[in-house]
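Read the structure below first, then the notes.
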Amino acid sequence: MLPISEFSFNKTGPRAGKPLSRCRLCRSSGNPKTVPATVFMPLLEVLFDGRNVAEVSQIVNLDRNLMRDLKNGKRKRIYKNTYLNIKRGADSLPKIKESIGPVSNKTKRNGLGKLSYEERIALKKLISEKQIERYKVDKKLLRHVV
C-alpha cells in the first residue's frame, strides 16, 4: 500500500480531482511493450565496436537516425521488436576465436587446400548425401510428433 501522495490526480474531465489508477513510479517505468536502456545498451556496445552508424544500421535493418540516437544515449526505452532486431544483429556477428598456441596455415584450413579438384567434388557429394539422410530422419521424427 502506497500513500495517496505517490499518485497523480486527474485535472479535468469527469474524474477531476480523483487519483490515477497507477502510482507515479509505475507510470514512469514505461510501457510494457518497451525495453529499458540497461538491457539493450550492452548489445549496442558490441555492435558499435569498430563500426560506424551506417554499418550497424545495415546489420540490424533499422533506421540510421534511430541508431544514432541509441548510440548517443538519447533513448531510454525502445520497443521489443527493435530490441529483437538489435539482438539478432549482435548474434549474427562472427565470433572471434583466440588461439592459445601458435597457428600455422595448415591448421587454419585443415588441409583442405591440398585436396585435388576431384577429391573436393567427392567430399561435397558425400556431405550432401549425409544431409539428405539427416533430413529424411528428421522428417520421420516430425511425422510422429504431430
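The values are calculated or read from the model by the stated rules, or taken from the named source; none is laboratory data. Keep in mind the model is a prediction, meaning the values are calculated, not measured. Glycine also receives a Cβ, built like all others from the backbone with ideal geometry; neighbour counts cover every protein chain displayed. Heavy atoms of the whole protein, side chains included, go into the accessibility calculation; ligands, DNA and RNA do not. Shrake-Rupley method; radii C 1.70, N 1.55, O 1.52, S 1.80 Å.
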**Request:** Considering only region 58-72, state which residues are in a loop (DSSP other than H, G, I, E, B) and either over 15 Å from residue 35 (Cβ atoms) or open to solvent by 60 Å² or more (accessible area, probe 1.4 Å) (or both).
**Result:** 61, 63
**Item:** Residue, nearest to residue 83 (Cα to Cα), within region 44-57, restricted to residues that are aliphatic (A, V, I, L, M) and open to solvent by 30 Å² or more (accessible area, probe 1.4 Å)
**Value:** 46
**Request:** State the number of residues belonging to region 25-41 that are out of contact with any helix residue (DSSP H, G or I) (no Cβ under 6 Å at 6 or more places or on another chain) and surrounded by 11 or more Cβ atoms within 10 Å (Cβ to Cβ).
**Result:** 9
**Asked** Just wondering, is there one or more residues in region 82-103 that are open to solvent by less than 100 Å² (accessible area, probe 1.4 Å) and in contact with a Lys or Arg (Cβ under 6 Å, 6 or more places away or on another chain)?
**Response** no
**Prompt:** Just to be sure, is residue 20 open to solvent by 100 Å² or more (accessible area, probe 1.4 Å) and either over 30 Å from residue 123 (Cα atoms) or at pLDDT 90 or above (or both)?
**Reply:** no
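Conditions (1) within 27 Å of the chain's Cα centre (by Cα); (2) β-branched (Val, Ile, Thr), marked per residue:
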| site | (1), (2) |
| --- | --- |
| 4 | no, yes |
| 10 | no, no |
| 13 | no, no |
| 18 | no, no |
| 25 | no, no |
| 33 | yes, no |
| 36 | yes, no |
| 39 | yes, yes |
